[in-house]
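Reading through the structure tokens given below for one structure.
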Amino acid sequence: MNELDPKTTVEQSLETLAESAAAVKESVASLVDQGGATIGAIKARAADVGKQVVDRGTVALDRTESVVQKNPFASVAIAFGIGYVAMRLRTSPLVKLGLIGGLGYLGIRLARR
């Protein structure tokens, strides 16, 4: 047979294409496996962080509870004072103006990057 036989060339091209498709399939399968492993590691880490947050939050709540039980009047006075200061800051026109100016400055700085 002739070396430039179209049937042979087409068959060789189809074989090469099939081999390439199999290689791509194996690559995709390995990437999916790696992605699954990475997602599993991220989920495990998120669960660990969530448990740490709950544990630390519980400890902080217990400490706060014990301080409030030991000093109930001081705790109420501190809470009132913090609430009053927060309310005054919230309703102050100067704070609003400062916040608007700060946000404008931040926007300009980000736009210049």
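No value in this document is a laboratory result; all are computed from the given coordinates. Predicted model, so just to flag it, every value in this text is computed and none were measured. Because the Cβ atoms are built from the backbone with ideal geometry, glycine has one as well, and the counts that use them run over all protein chains shown.
Details
- Summing +1 for each Lys or Arg and -1 for each Asp or Glu among the other residues whose beta-carbon sits under 13 angstrom from that of residue 57 gives 0.
- Classification of the chain by its C-alpha gyration tensor yields an oblate form. The axis ratio a/c (a ≥ b ≥ c) is 1.5 or more, and b/c is at least a/b.
- Put in order of Cβ neighbour count within 10 Å, fewest first, the listed residues 73, 80 become 73, 80.
- With helices as the sole contributors, the chain gives -33500 deg cm²/dmol at 222 nm; each DSSP H run of n ≥ 4 counts as -39500 (n - 2.57), and the sum is divided by every residue.
- Span-like helix check, the chain: qualifying full DSSP H segments, with Cα axial length of 15 Å or more and mean Kyte-Doolittle of 0.0 or more, are 72-91, 93-111.
- Full-stretch length increase - residue 41, residue 17 - with 0.36 nm per residue and alpha-carbon distance subtracted: 5.0 nm
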